[in-house]
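Read-outs: derived from the displayed coordinates by stated rules, not from any lab. Fair warning: this is a prediction, and the values are worked out from it, not measured in the lab. Note that we place each Cβ from the backbone using ideal geometry, even for glycine, and neighbour counts take in every protein chain shown.
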Amino acid sequence: MINLSRPASLRVPLGHCLRSTKGHGIAVSTRLRAKDIKEVPVATYAKDKKTAQRTVLSVDGSKSDPSPISTKDIQRTATPFDKAVVPSLTPTLKAFLLEGKVAVVTGGARGLGWNMSQALAEAGAKAIALLDVKQELGDRSAAELHRTTGIPVQSYRVDVRDAKAISEVVGRVNQDLGSVDIVINSAGVVDSNIKAENYDDTMFRHLIDINLTGSFLVSQACARHMIAQKTGGSIIFLASIAGSRVLHPQQQCAYNASKAAVTQLAKSLAAEWAQHEIRVNTIAPGYMDTALNREALLEGQKKHWASMTPMGRLGRPDELNGLAVFLASDASRFVTGANILADGGYAVY
Ligand SMILES: NC(=O)c1ccc[n+]([C@@H]2O[C@H](COP(=O)([O-])OP(=O)(O)OC[C@H]3O[C@@H](n4cnc5c(N)ncnc54)[C@H](O)[C@@H]3O)[C@@H](O)[C@H]2O)c1
């Protein structure tokens with residue numbers, strides 16, 4: 001059990017927020033009038049969710065409220081790819097097509113992985129494999145993607161930490177759907193609001209094992225086939241803005257470290273596998289409105305995250321789709337080792 005004995009002392013940048021202290025003392029910025037100050041509740045929770053600590057951020061209330069936070073992922077229905085349009089496309093637009101390509105998407109049962117899978121299908125992918133620990137959801141998502149787009153979509157229940165199982169599943173994907181051309185590593189977990197001094201070592205290793213080692217194992221298994229078959233490919237990792245800056249006010253040292261490591265891992269693989277025509281890149285999303293962040297106790301923090309983002313809101317689950325298609329396709333054929341932000345401007349501050 002994690003013991004959070006004191007409310008977090010939160011400090012946020014001037015111009016967005018003022019200073020919050022115990023007892024709600026407010027250090028008034030010279031740029032804000034008192035009537036513009038608004039208090040936003042922030043909950044800090046431990047893993048068992050029973051030891052939440054609450055505090056208050058004083059934010060600039062003169063700005064319009066961030067978009068309301070939905071209670072579940074915004075769902076959209078994929079549209080089937082129509083081959084008939086291809087001849088009329090310009091060479092530039094044709095380069096974005098994924099015709100004939102087979103994709104593996106980990107964490108594809110829901111969230112960002114699910115949305116990017118829909119996008120791959122809409123861009124003409126030949127077949128998609130969804131790899132996830134969630135059997136029922138994975139099966140449902142695969143059935144839905146097949147129903148809406150008509151392409152073969154197969155769900156494989158597998159834990160990305162299990163090297164042997166991953167190797168077997170990737171072998172089966174090659175047999176079932178064809179040689180893999182695209183890999184999106186979207187399986188991931190987060191532990192927020194756990195103080196470093198209280199971080200349980202088993203939990204720390206668990207997170208690193210999924211976010212870092214799991215992404216490596218899937219990429220390695222797929223790259224082995226790409227190298228043996230001399231087909232090349234595109235591998236995409238889901239890193240995060242947390243990979244290059246410490247997110248706050250939540251304490252999440254393991255997550256931040258895992259995403260920094262994923263970013264550097266991708267660059268290393270890009271260097272090693274360029275000779276095999278395998279490109280490796282990372283997408284670094286800002287805060288996205290998915291189930292990963294959907295905890296009742298995080299709602300107050302989400303308002304703070306939105307206020308820290310120039311666009312004033314969290315990203316929608318489908319707002320990485322275009323970037324994923326770009327990186328998966330020939331449109332990015334000279335792009336490798338890149339870490340591309342999609343964060344509503346969060347990183348500009
Ligand atoms: N949502 C955000 O704000 C955000 C921001 C930056 C980066 N990311 C990253 O994007 C990726 C996807 O996040 P999301 O918001 O879609 O999360 P999500 O929780 O909605 O989806 C993650 C999926 O990964 C699967 N998964 C978890 N552990 C697994 C394991 N061991 N083996 C196989 N599958 C496993 C889950 O079952 C789930 O379906 C993660 O790597 C996350 O760190 C998310």
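In table form, for the structure just shown:
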item: Sorted peptide list for 123-130, 193-200, criterion being average Cβ within 10 angstrom, highest first; result: 123-130, 193-200
item: Cut-off 10 Å between beta-carbons: net charge of the residues surrounding Thr213, Lys and Arg +1, Asp and Glu -1; result: +1
item: Alpha-carbon centroids, region 75-140 and region 255-327: separation in whole Å; result: 19
item: Cα point-scatterer Debye curve for region 282-349, base-10 log of I(q)/I(0) at q = 0.13, 0.18, 0.19, 0.20 Å⁻¹; result: -0.42, -0.72, -0.78, -0.83
item: Cross-link table Lys164/Lys230; Lys267/Lys303; Lys230/Lys259; Lys83/Lys259; Lys94/Lys134, entries beyond 28 Å C-alpha to C-alpha; result: Lys267/Lys303; Lys230/Lys259; Lys83/Lys259; Lys94/Lys134
item: Cα-centre dipole for region 199-311 with unit charges at Cβ (Lys and Arg positive, Asp and Glu negative), debye to 20; result: 280
item: Dipole-positive endmost among Ile227, Ser192, Thr213 within region 180-228 (Cβ charges, Cα centre); result: Ile227
item: R0 of 22 Å, Cβ-Cβ distance Lys230-Glu272: FRET efficiency to nearest 0.05; result: 0.85
